[in-house]
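Chemist: Next up is a structure, given as structure tokens.
The values are calculated or read from the model by the stated rules, or taken from the named source; none is laboratory data. Values in this document were obtained by computation on a predicted structure and should not be read as measured data. Ideal geometry is used to build each Cβ from the backbone, glycine not excepted, and the neighbour counts take in all protein chains shown.
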Amino acid sequence: MRRSLVAGNWKMHGSRESIADLLQALIRESGLGVDGVDLVVCPPLPYLQMCQQLLSGSVWQLGAQNVHSQPCGAYTGEVAAPMLAEFSVRYVLVGHSERRQLARETDALVAEKFSAVLRHAMRPILCLGETLEQRESGRAEEVVAAQLNTVLEHSGVSAMADAVIAYEPVWAIGTGCTASAGQAQEMHRFIRELMARRSAKVASQIRIIYGGSVNAGNARELFAQSDIDGGLVGGASLKADEFITICKSVS
Ligand code: 13P
């Protein structure tokens, strides 16, 4: 039985004040019936320490939105995995489509970041997903398979035991146009089958969560699918009431 996971990716949103308010509301509300789910928030980096302090002793765990592949060095503006680990970060997003597109991250670089996270005893959340053009030209599975296989070849299937996969179709991110539960389940099953070719055990254990316009209205149906183990939530995770409703939809 896989334990569900819901993570909020706050992207480049918030201020010291709004994030403190949001966290306090999440901590208060999560006491009221969110059981059996790993709950994660990924704030912008400057707020990590404040979040670490506010979340201490709560059920919420801390995640980061990005990491560098190297443990230290002359990389102006970057943040290394051991630095994140010092702030009790447990999960790190790697390969988010916004980084693949805006920062031109390649599959190979994502694979290096993935192993850097594991080396420092945190869990990577590996984001995979196709663009609209790739889906419409019938290449969605091919693209997702290539993204996953680069990581599998770099780190080996056993490394996946400590990871989470997030399927986030690019066309559904921030558009309000969610994948239907059927479309999402189909891709999640495909990803699990790809894993099963290398290890049936890891395939049955790995958590595959869905992201892309998840909201309070569609979460329950998405999370009810047999291969969907939770969600990676963007915009809706910035509103405490809605995010808690989403978290409750999985438990
Ligand atoms: P939205 O939920 O705003 O579509 O964002 C999804 C996402 O990119 C989470 O990482």
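Chemist: Filter the range 219-240 down to residues that are more than 15 Å from the ligand (Cβ to nearest atom) and in a loop (DSSP other than H, G, I, E, B) and give me whichever is surrounded by the fewest Cβ atoms within 10 Å (Cβ to Cβ).
Modeler: By that ranking, first place goes to Ser226.
Chemist: Anything in the range 201-218 that is over 22 Å from Asn149 (Cα atoms), more than 10 Å from the ligand (Cβ to nearest atom) and free of Cβ contacts under 8 Å to residues at least 40 places away in the same chain? List them, or say none.
Modeler: Those that are over 22 Å from Asn149 (Cα atoms), more than 10 Å from the ligand (Cβ to nearest atom) and free of Cβ contacts under 8 Å to residues at least 40 places away in the same chain: Ala216, Gly217.
Chemist: Going by the structure shown, is Val110 touching a Pro at 6+ places or on another chain (Cβ under 8 Å), outside any loop (DSSP other than H, G, I, E, B) and within 24 Å of Leu152 (Cβ to Cβ)?
Modeler: It is false that Val110 is touching a Pro at 6+ places or on another chain (Cβ under 8 Å), outside any loop (DSSP other than H, G, I, E, B) and within 24 Å of Leu152 (Cβ to Cβ).
Chemist: Another question, then. Taking the stated definitions as given, is Glu130 over 19 Å from Ile206 (Cα atoms), surrounded by 23 or more Cβ atoms within 10 Å (Cβ to Cβ) and under 16 Å from the mean Cα position of the chain (by Cα)?
Modeler: yes
Chemist: If Ser180 satisfies all but one of (1) out of contact with any Ser or Thr (no Cβ under 9 Å at 6 or more places or on another chain); (2) under 22 Å from Thr106 (Cα atoms); (3) of a type outside the set (Lys, Arg), what's the number of the condition it fails?
Modeler: Status for Ser180: all satisfied but (2).
Chemist: Still on this structure, please answer the following. Give all pairs with beta carbons closer than 8 Å in which a residue from the range 159-188 that is farther than 20 Å from Ala236 by Cβ and within 16 Å of the ligand (Cβ to nearest atom) meets a residue that is of a type in the set (Gly, Ala, Ser) and assigned to a helix (DSSP H, G or I); count only pairs at least 6 apart in sequence or on separate chains.
Modeler: Pairs that qualify, where the first residue is farther than 20 Å from Ala236 by Cβ and within 16 Å of the ligand (Cβ to nearest atom) and the partner is of a type in the set (Gly, Ala, Ser) and assigned to a helix (DSSP H, G or I), are Met187/Ala140.
Chemist: Still on this model: How about the range 203-218: which of its residues are outside any loop (DSSP other than H, G, I, E, B) and surrounded by 18 or more Cβ atoms within 10 Å (Cβ to Cβ)?
Modeler: Residues satisfying the conditions are Ala203, Arg207, Ile208, Ile209, Tyr210, Gly211.
Chemist: Looking at the range 80-91, can you tell me whether even one residue there is within 15 Å of the ligand (Cβ to nearest atom), under 26 Å from Ile208 (Cβ atoms) and modelled with pLDDT of 95 or more?
Modeler: Yes.
Chemist: Right, another one. Of the residues that sit in the range 8-46 and are at pLDDT below 95 and among the charged types (D, E, K, R), which one is nearest to the ligand (Cβ to nearest atom)?
Modeler: Looking at the filtered set, the residue picked out is Glu29.
Chemist: If you go through the range 160-177 one residue at a time, how many are more than 16 Å from the chain's Cα centre (by Cα) and buried (at least 18 other Cβ atoms within 10 Å of the Cβ)?
Modeler: So the count comes out to 1.
Chemist: Checking Arg198 against (1) surrounded by 14 or more Cβ atoms within 10 Å (Cβ to Cβ); (2) away from the ligand (no atom under 14 Å from the Cβ); (3) in a helix (DSSP H, G or I), which single condition isn't satisfied?
Modeler: (3)
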